[in-house]
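Heads up: the structure comes next, in C-alpha coordinates.
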Amino acid sequence: MMKLVNNIYRDYGVVDSVAIIKLESDNGVKFPLNYVEFISQHNGACINVEEFEFVNPYHPLDNEGSIAFSEIQEIQNTIDVLLGINADDPGYFYEKLIPFGDNGGGDFICFDYRECDTDNPPIIIWFHDVLDNSERIVFVANNFEEFVDKLHEPYDLDDEEREARRQSLKEYQETHKSL
(Lines give C-alpha, C1' and ligand atoms only; values in the text may rest on other atoms or scores of the structure.)
Protein backbone atom coordinates (compact mmCIF):
# COMPACT_ATOMS: atom_id res chain seq x y z
CA MET A 1 0.00 0.00 0.00
CA MET A 2 3.04 2.26 0.06
CA LYS A 3 2.35 3.02 -3.60
CA LEU A 4 -0.94 4.62 -2.54
CA VAL A 5 0.35 6.36 0.58
CA ASN A 6 3.35 7.83 -1.24
CA ASN A 7 1.13 9.38 -3.92
CA ILE A 8 -1.58 11.03 -1.81
CA TYR A 9 -2.01 14.71 -2.54
CA ARG A 10 -5.18 15.19 -0.47
CA ASP A 11 -7.33 13.23 1.94
CA TYR A 12 -9.83 13.80 4.74
CA GLY A 13 -7.74 12.09 7.39
CA VAL A 14 -8.68 9.28 9.70
CA VAL A 15 -12.13 7.69 9.59
CA ASP A 16 -13.70 5.96 12.56
CA SER A 17 -13.68 2.17 12.12
CA VAL A 18 -17.34 2.16 13.21
CA ALA A 19 -18.27 3.90 9.92
CA ILE A 20 -16.42 1.24 7.90
CA ILE A 21 -18.01 -1.62 9.86
CA LYS A 22 -21.48 -0.07 9.44
CA LEU A 23 -21.02 0.25 5.67
CA GLU A 24 -19.94 -3.40 5.50
CA SER A 25 -22.86 -4.50 7.66
CA ASP A 26 -25.44 -2.44 5.74
CA ASN A 27 -24.34 -4.08 2.50
CA GLY A 28 -23.57 -7.59 3.74
CA VAL A 29 -19.92 -7.47 2.66
CA LYS A 30 -16.44 -7.57 4.15
CA PHE A 31 -13.86 -5.20 2.64
CA PRO A 32 -10.31 -6.26 1.78
CA LEU A 33 -8.01 -5.71 4.74
CA ASN A 34 -5.52 -3.66 2.70
CA TYR A 35 -8.34 -1.33 1.60
CA VAL A 36 -9.56 -0.94 5.19
CA GLU A 37 -6.02 -0.19 6.42
CA PHE A 38 -5.54 2.44 3.72
CA ILE A 39 -8.92 4.16 3.91
CA SER A 40 -8.89 4.16 7.74
CA GLN A 41 -5.95 6.55 7.65
CA HIS A 42 -6.66 8.34 4.35
CA ASN A 43 -10.42 8.74 3.97
CA GLY A 44 -11.37 10.15 0.57
CA ALA A 45 -7.77 10.11 -0.67
CA CYS A 46 -6.89 11.59 -4.04
CA ILE A 47 -3.70 10.17 -5.45
CA ASN A 48 -1.17 11.51 -7.93
CA VAL A 49 -1.11 8.36 -10.01
CA GLU A 50 -2.81 9.71 -13.10
CA GLU A 51 -3.74 6.53 -14.94
CA PHE A 52 -4.55 2.90 -14.45
CA GLU A 53 -4.78 0.27 -17.13
CA PHE A 54 -7.81 -1.82 -17.96
CA VAL A 55 -9.29 -3.09 -21.20
CA ASN A 56 -12.76 -1.87 -22.15
CA PRO A 57 -13.96 -4.12 -24.98
CA TYR A 58 -17.04 -1.96 -25.58
CA HIS A 59 -15.39 1.44 -25.83
CA PRO A 60 -11.65 1.08 -26.55
CA LEU A 61 -10.90 4.73 -25.81
CA ASP A 62 -12.15 4.37 -22.22
CA ASN A 63 -9.18 2.35 -21.05
CA GLU A 64 -7.55 4.60 -18.52
CA GLY A 65 -8.33 7.25 -15.98
CA SER A 66 -7.34 8.81 -12.70
CA ILE A 67 -8.68 7.81 -9.29
CA ALA A 68 -10.03 9.42 -6.17
CA PHE A 69 -11.21 7.26 -3.29
CA SER A 70 -14.71 7.95 -1.99
CA GLU A 71 -15.24 9.09 1.56
CA ILE A 72 -16.65 6.22 3.61
CA GLN A 73 -19.50 8.47 4.78
CA GLU A 74 -20.62 9.09 1.15
CA ILE A 75 -20.51 5.54 -0.23
CA GLN A 76 -23.92 4.43 1.10
CA ASN A 77 -25.58 7.55 -0.28
CA THR A 78 -24.08 6.83 -3.71
CA ILE A 79 -25.30 3.23 -3.57
CA ASP A 80 -28.80 4.34 -2.57
CA VAL A 81 -29.02 6.89 -5.40
CA LEU A 82 -27.80 4.40 -8.02
CA LEU A 83 -30.13 1.64 -6.80
CA GLY A 84 -32.99 4.16 -6.90
CA ILE A 85 -32.28 4.80 -10.57
CA ASN A 86 -32.03 1.04 -11.07
CA ALA A 87 -35.63 0.68 -9.84
CA ASP A 88 -36.76 2.58 -12.95
CA ASP A 89 -34.06 1.20 -15.27
CA PRO A 90 -33.28 -2.43 -14.33
CA GLY A 91 -29.68 -3.34 -15.06
CA TYR A 92 -28.46 0.22 -14.49
CA PHE A 93 -26.74 -0.69 -11.21
CA TYR A 94 -26.62 -3.80 -9.02
CA GLU A 95 -26.77 -4.61 -5.36
CA LYS A 96 -23.42 -5.87 -4.13
CA LEU A 97 -21.47 -3.32 -6.19
CA ILE A 98 -19.68 -1.03 -3.73
CA PRO A 99 -18.36 2.17 -5.37
CA PHE A 100 -15.16 2.95 -3.45
CA GLY A 101 -13.68 5.45 -5.90
CA ASP A 102 -14.18 7.31 -9.15
CA ASN A 103 -12.17 8.21 -12.23
CA GLY A 104 -12.99 11.91 -12.19
CA GLY A 105 -15.48 11.57 -15.04
CA GLY A 106 -18.46 10.27 -13.08
CA ASP A 107 -17.60 6.60 -13.48
CA PHE A 108 -17.26 4.53 -10.31
CA ILE A 109 -14.60 2.02 -9.39
CA CYS A 110 -16.38 -0.72 -7.44
CA PHE A 111 -15.84 -3.83 -5.44
CA ASP A 112 -17.94 -6.50 -7.18
CA TYR A 113 -19.51 -8.77 -4.55
CA ARG A 114 -22.26 -10.11 -6.82
CA GLU A 115 -20.67 -13.56 -6.92
CA CYS A 116 -18.06 -13.12 -4.21
CA ASP A 117 -18.63 -13.89 -0.55
CA THR A 118 -15.08 -13.24 0.62
CA ASP A 119 -13.16 -10.10 1.56
CA ASN A 120 -11.25 -10.23 -1.73
CA PRO A 121 -13.73 -9.27 -4.49
CA PRO A 122 -12.89 -8.36 -8.09
CA ILE A 123 -12.72 -4.71 -9.05
CA ILE A 124 -14.84 -3.30 -11.88
CA ILE A 125 -15.44 0.13 -13.33
CA TRP A 126 -19.07 1.16 -13.73
CA PHE A 127 -19.71 3.68 -16.53
CA HIS A 128 -22.50 6.14 -15.79
CA ASP A 129 -23.13 7.45 -19.30
CA VAL A 130 -23.28 4.25 -21.34
CA LEU A 131 -26.66 3.78 -23.03
CA ASP A 132 -26.54 -0.02 -23.20
CA ASN A 133 -26.67 -1.40 -19.64
CA SER A 134 -24.88 -4.57 -20.79
CA GLU A 135 -21.80 -2.44 -21.54
CA ARG A 136 -21.89 -0.45 -18.29
CA ILE A 137 -19.62 -2.74 -16.22
CA VAL A 138 -16.04 -3.53 -17.19
CA PHE A 139 -13.61 -5.74 -15.31
CA VAL A 140 -10.47 -4.02 -13.97
CA ALA A 141 -8.69 -6.40 -11.57
CA ASN A 142 -9.11 -9.68 -9.73
CA ASN A 143 -8.75 -7.99 -6.33
CA PHE A 144 -7.76 -4.75 -4.60
CA GLU A 145 -4.05 -5.57 -4.52
CA GLU A 146 -4.00 -6.18 -8.28
CA PHE A 147 -5.94 -2.94 -8.78
CA VAL A 148 -3.30 -0.99 -6.83
CA ASP A 149 -0.60 -2.61 -8.98
CA LYS A 150 -2.35 -1.19 -12.07
CA LEU A 151 -2.00 2.39 -10.86
CA HIS A 152 0.89 3.35 -13.11
CA GLU A 153 1.66 4.76 -16.49
CA PRO A 154 -0.24 2.57 -18.97
CA TYR A 155 2.69 1.58 -21.18
CA ASP A 156 5.17 0.20 -18.66
CA LEU A 157 3.84 -3.38 -18.93
CA ASP A 158 5.60 -5.96 -21.03
CA ASP A 159 3.63 -7.89 -23.68
CA GLU A 160 3.33 -11.03 -21.52
CA GLU A 161 1.86 -9.09 -18.59
CA ARG A 162 -0.54 -7.20 -20.86
CA GLU A 163 -1.73 -10.49 -22.44
CA ALA A 164 -2.25 -12.09 -19.01
CA ARG A 165 -4.47 -9.16 -18.01
CA ARG A 166 -6.49 -9.44 -21.23
CA GLN A 167 -6.99 -13.16 -20.56
CA SER A 168 -8.13 -12.38 -17.02
CA LEU A 169 -10.68 -9.90 -18.42
CA LYS A 170 -11.97 -12.48 -20.90
CA GLU A 171 -12.43 -15.10 -18.18
CA TYR A 172 -14.25 -12.62 -15.94
CA GLN A 173 -16.62 -11.59 -18.73
CA GLU A 174 -17.41 -15.21 -19.58
CA THR A 175 -18.39 -16.00 -15.98
CA HIS A 176 -20.49 -12.84 -15.59
CA LYS A 177 -22.48 -12.81 -18.87
CA SER A 178 -25.77 -13.60 -17.18
CA LEU A 179 -25.52 -10.98 -14.42
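The values are calculated or read from the model by the stated rules, or taken from the named source; none is laboratory data. Since this is a predicted model, take the numbers as computed values, not measurements. Quick reminder, even Gly has a Cβ in these numbers, built from the backbone with ideal geometry, and neighbours come from all protein chains shown.
Restricting attention to the range 92-109, the residues that are surrounded by fewer than 21 Cβ atoms within 10 Å (Cβ to Cβ), more than 17 Å from residue 135 (Cα to Cα) and small (Gly, Ala, Ser) add up to 1. When every residue of the range 130-141 is checked against the conditions, at least one turns out to be under 19 Å from residue 4 (Cβ atoms), in contact with a Ser or Thr (Cβ under 9 Å, 6 or more places away or on another chain), surrounded by 17 or more Cβ atoms within 10 Å (Cβ to Cβ) and at pLDDT 90 or above. Residues of the range 110-125 that are surrounded by fewer than 21 Cβ atoms within 10 Å (Cβ to Cβ) and either over 25 Å from residue 44 (Cβ atoms) or not polar (S, T, N, Q) (or both): 114, 115, 116, 117, 118, 119. Looking only at residues in the range 39-59 that are over 12 Å from residue 71 (Cα atoms) and of a type in the set (A, V, I, L, M, F, W, C), the one that is modelled with the highest pLDDT is 47.
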